[in-house]
Amino acid sequence: MVHTKLSSDLVGLHAGPLYHAAAGSRVFTNTLLGATHVVIPRFTVKGVLEAIQQHRITFTSMVPTMMTMILNEPDLDSYDLSSLRVIGYGGAPMPVATLEALMRRLPKVRFAQAYGMTELSPACTYLEPDDHSLDPAKIHRLASGGRVVVGCDLRVVDPDDNDVPVGAIGEIIVAGPLVMKGYWNQPEMTAEALRGGYMHTGDAGYLDADGYVYVSDRIKDMIVTGGENVYSIEVENAVLTHPAIRECAVIGVPHPLWGEAVHAVVTFKAGRSATAEEIIAHCKTRIAGFKCPQTIEVREAMPLSQANKILKTDLRRPHWEGRARAVN
């Protein structure tokens, strides 16, 4: 754990489900360090904050939804979090606005991100703490997944697996000893995923000139509206800069003329609200008009998986039942 400067004095909090690759991998890294494990039965905001205070936790890992919940806890400042040195995160796209706000709220805590998936054991890139900076010269890196880890061969390719230029969006593919051998008893699925010797992640993204990887979207989540490609993560980041918005998930919904329309599902911060018109107008100051949501849906809470990821499948289902797209 050289980049995060962790050692045997680490006191690690396991707050996520250990069957999930991101949370489960911390069992191994903490053990290899000879560090201390603290396990809580399930994630709750108060449970995590109480554990950090009681056990003097120095390191914990979260998915972005957990970090949003922590940030929006009204009693956050009443807990003693002075022992906490590092928060690692991954498992889902990290809203830049949320990350910036948490960095300002917890200025003594360092942050580190890993990007990957179970098939990559589980990470292929790493955004180290020194890259988590509010310096105007570096702040753009908060939107990235970092640079490739040692032993990883990462490319960004077109549909024919040809490399695309720096800055161009394509599919992220990965080779190296970190890649899985295959899916259990699924030879055809394995052959498709590992064609050409590279794991095809299904993620769209690009590389910048410094080698940082930026994930634009899951390819199947990309919205095609009026012939234009819209990546949900970019829209979510724009919506989340509105001061009233707590969480946002952007999906494509059927549209009789454009094929799909950009639809944003949001929850509000406590005591805050905004009209659909206000949210859309705010987005138009951040991104191109065709990328902005055409419709806004307000919910009290988002549907979450057991790993606390927003379930876009559940959000899409009522819009696409009986229709051809029906992505998962």
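Figure legend: label point modelled 7 angstrom from the Cα of Glu278 along Cα→Cβ; residues of the range 224-240 with amide N under 18 Å from it are 238-240.
If you average the alpha carbon positions of the range 242-256 and of the range 35-63, how far apart do those two centres end up, in angstrom? So the two Cα centres are separated by 31 Å. Per residue, the chain reaches -6500 deg cm²/dmol at 222 nm when only DSSP H runs of four or more residues are counted, each adding -39500 (n - 2.57).
Amide H contacts for Gly145 (H built 1.01 Å from N in the peptide plane; partners 5 or more residues away or on another chain; cut-off under 5 Å): Val213, Tyr214, Val215.
So if I take the alpha carbon set of the range 1-57, get Rg, then get Rh from the Kirkwood formula, what is the Rg over Rh ratio?
On the way: Rg = 11.3 Å, Rh = 11.8 Å.
A ratio of 0.96.
When only Cα pairs under 8 Å and 6 or more residues apart are kept, what is the percent relative contact order across the chain? Can you show the working numbers first?
Details: 612 pairs, mean separation 36.9, N = 328.
Answer for the chain is 11 percent.
In the range 222-320, the inverse of the mean reciprocal separation of distinct Cα atoms equals 13.6 Å; this is its Kirkwood hydrodynamic radius. With contacts taken as Cα pairs under 8 Å and at least 6 residues apart, the range 263-318 reaches a relative contact order of 41 percent.
What full-extension length gain, to one decimal in nm, is calculated for Asp153 and His37 as 0.36 nm per residue of separation minus the Cα-Cα distance? Numbers along the way, then the final one.
Working: separation 116, 0.36 × 116 = 41.76 nm, distance 3.23 nm.
Additional length available on full extension: 38.5 nm.
Let me check I've understood the local charge: for Asn229, count other residues with C-beta under 14 angstrom from its C-beta, Lys and Arg +1, Asp and Glu -1. What total comes out?
Values: positive: Arg218, Lys220, Lys291; negative: Asp158, Glu171, Asp217, Asp221, Glu228, Glu234, Glu260.
In short, -4.
Mind checking the dipole of the range 192-256: about its Cα centre, +1 per Lys or Arg Cβ, -1 per Asp or Glu Cβ, Debye to the nearest 20?
Details: 4 positive and 10 negative charges, 39 e Å.
Rounded to the nearest 20 debye, it is 180 debye.
Could you tell me which of rounded, prolate or oblate describes the range 11-148, using a ≥ b ≥ c as the square roots of the eigenvalues of the alpha-carbon gyration tensor, with rounded for a/c under 1.5 and, failing that, prolate when a/b is larger than b/c and oblate otherwise? Oblate, because a/c is 1.5 or more while a/b does not exceed b/c.
Among the DSSP beta bridges whose two residues both lie in the chain, what percent are antiparallel, rounded to the nearest 5? Walk me through the numbers on the way to the answer.
Numbers: 36 of 54 bridges.
Antiparallel bridges: around 65 percent, rounded to the nearest 5.
Applying 1/(1 + (r/R0)^6) with R0 = 25 Å to the Cβ-Cβ distance of Leu134 and Ala244 gives a FRET efficiency near 0.65. Sequentially through the range 16-24, phi angles give Karplus couplings (6.51, -1.76, 1.60; θ = phi - 60°) of x, x, 6, 7, 7, 4, 5, 6, x Hz, Gly and Pro residues having no value and appearing as x.
Taking the Cβ of Asn72 as the centre, find all other residues whose Cβ is under 10 Å away and add up their charges (Lys, Arg: +1; Asp, Glu: -1).
Details: positive: Arg246, Lys269; negative: Glu73, Glu247.
With Lys, Arg at +1 and Asp, Glu at -1, the net is 0.
Proximity of backbone amide H atoms, modeled 1.01 Å from N, is registered between Leu304 and Leu311 at under 5 Å, excluding neighbours fewer than 5 places apart on the same chain.
Would you mind working out the magnitude of the charge dipole of the chain relative to its Cα centre, with +1 at each Lys and Arg C-beta and -1 at each Asp and Glu C-beta, to the nearest 20 Debye? Intermediate values should be presented prior to the final figure.
Working: 31 positive and 36 negative charges, 158 e Å.
Value, rounded to 20: 760 debye.
Laboratory data are not the source of any read-out in this text; all were calculated from the coordinates shown. The structure displayed is predicted, hence computed values, not measured ones. Heads up, the Cβs are rebuilt from the backbone with ideal geometry, glycines too, and the neighbour counts pull from every protein chain shown.
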